[in-house]
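S.K.: This is the structure I want to talk about, given as structure tokens.
Computed from the coordinates by the stated procedures, all read-outs in this text should not be read as laboratory data. As the structure is a computational prediction, the values presented were derived from the model and not from experiment. Methodologically, a virtual Cβ is constructed for each residue, glycine included, from the backbone with ideal geometry; neighbour enumeration extends over all protein chains shown.
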Amino acid sequence: MDLSKNLKEVLEEIEDAKSKSRFNRDVKLIAVSKTHPVEMIKEISDLGIKDFGENKVQELTSKIDEVQDVDFHMIGNLQTNKVKYIYDKVKLIHSLDRIKLAKEINKRAANDNIKVDCLVQINIGNEDTKSGIKYEETEDFISKLVDFKNINIKGLMAIAPNTSDEDLIRNCFKKMNDMFEKIGSKSYDNVEMKYLSMGMSNDFKIAIEEGSNMVRIGSKIFGKRNYN
Ligand SMILES: *Cc1c(COP(=O)(O)O)cnc(C)c1O
């Protein structure tokens, strides 16, 4: 596995997609290191990428202890009872999708007098198998989050349906960008539409063309995973 070659290709494809996009947004790469060993994270870090995505709390905390000078992002479904292990250790939680979860994050953060940056996850394909709030409920949900003074909402996150139908995927990303801009045009306390986190190995080029400024790429950098 030549990680440096994989990374170079991904970075080139990101640049190519940016040049085709009508949005002039900088794109942040989150290297999704879930299931892969810390040695691979260190190798990618040495190549200049400092943001890593993980989806399991236990794996995340053990990696945080083992790798210095990088930022970890929680991109997976987060159980309320596991918030305590990560709320003050991650750069960004991409998967805020319930008031109950917001309450717990806020409580912990308030105790420590810190702010925790989160993205609101939207179930853009309206799939039973995926987490996230309903697209139609986004504004309502965000208006309720302003009560949580120790959470900063930094944007939106979505996972597109796993399909070969590119039009459908593109349409999902378009809708996400519409919402990103709509909410961004309003002023809520503690809410800033800074990051639109969408695009994975199979669809990040379409995502960037449609306005994504944060892509979460795993297998294209680290290779295939044996599980999830
Ligand atoms: C695993 C995962 C990714 C990366 O998926 P790849 O297809 O390997 O790029 C991105 N986002 C989330 C939320 C994930 O769980």
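S.K.: Kindly evaluate residue 211 against the criterion of being more than 11 Å from the ligand (Cβ to nearest atom), part of a loop (DSSP other than H, G, I, E, B) and surrounded by 19 or more Cβ atoms within 10 Å (Cβ to Cβ). So that I can check it myself, show each step before the final result.
M.R.: On the way: more than 11 Å from the ligand (Cβ to nearest atom): yes; part of a loop (DSSP other than H, G, I, E, B): yes; surrounded by 19 or more Cβ atoms within 10 Å (Cβ to Cβ): yes.
It is true that residue 211 is more than 11 Å from the ligand (Cβ to nearest atom), part of a loop (DSSP other than H, G, I, E, B) and surrounded by 19 or more Cβ atoms within 10 Å (Cβ to Cβ).
S.K.: Mind checking which residues of the stretch 186-204 are part of a loop (DSSP other than H, G, I, E, B) and either away from the ligand (no atom under 16 Å from the Cβ) or of a type in the set (D, E, K, R) (or both)?
M.R.: Just the residues of the stretch 186-204 that are part of a loop (DSSP other than H, G, I, E, B), to begin with: 186-190, 198-203.
Scanning the stretch 186-204 gives 186, 187, 188, 189, 190, 203.
S.K.: Hey, another quick one. Looking at 103, 34, 63, which one is at negative phi, of a type outside the set (Phe, Trp, Tyr), touching a helix residue (DSSP H, G or I) at 6+ places or on another chain (Cβ under 9 Å) and more than 16 Å from the ligand (Cβ to nearest atom)? Give the derivation first.
M.R.: Numbers: 34 fails: more than 16 Å from the ligand (Cβ to nearest atom); 63 fails: more than 16 Å from the ligand (Cβ to nearest atom).
Sole residue among the options that is at negative phi, of a type outside the set (Phe, Trp, Tyr), touching a helix residue (DSSP H, G or I) at 6+ places or on another chain (Cβ under 9 Å) and more than 16 Å from the ligand (Cβ to nearest atom): 103.
S.K.: Which residue is surrounded by the fewest Cβ atoms within 10 Å (Cβ to Cβ), if the candidates are limited to the stretch 88-106 and must be without any contact (Cβ under 8 Å) to a residue 40 or more places away in the chain and more than 19 Å from residue 64 (Cα to Cα)? Walk me through it before giving the result.
M.R.: Step one: filter the stretch 88-106 for residues without any contact (Cβ under 8 Å) to a residue 40 or more places away in the chain, giving 88-90, 93, 97-98, 100-101, 104.
Filter once more, keeping what is more than 19 Å from residue 64 (Cα to Cα): 97-98, 100-101, 104.
Working: 97: 22, 98: 16, 100: 9, 101: 19, 104: 19.
Checking each candidate, the answer is 100.
S.K.: Looking at the stretch 178-197 only, could you name the residues that are closer than 23 Å to residue 76 by Cβ and either hydroxyl-bearing (Ser, Thr, Tyr) or free of Cβ contacts under 8 Å to residues at least 40 places away in the same chain (or both)?
M.R.: Scanning the stretch 178-197 gives 180, 193, 195, 197.
S.K.: Still on this model: Looking at the structure I just gave you, is residue 143 touching a residue at least 24 places away in the same chain (Cβ under 8 Å), touching a Ser or Thr at 6+ places or on another chain (Cβ under 7 Å) and surrounded by fewer than 20 Cβ atoms within 10 Å (Cβ to Cβ)?
M.R.: Numbers: touching a residue at least 24 places away in the same chain (Cβ under 8 Å): yes; touching a Ser or Thr at 6+ places or on another chain (Cβ under 7 Å): no; surrounded by fewer than 20 Cβ atoms within 10 Å (Cβ to Cβ): yes.
Judged against the criteria, residue 143 is not a match.
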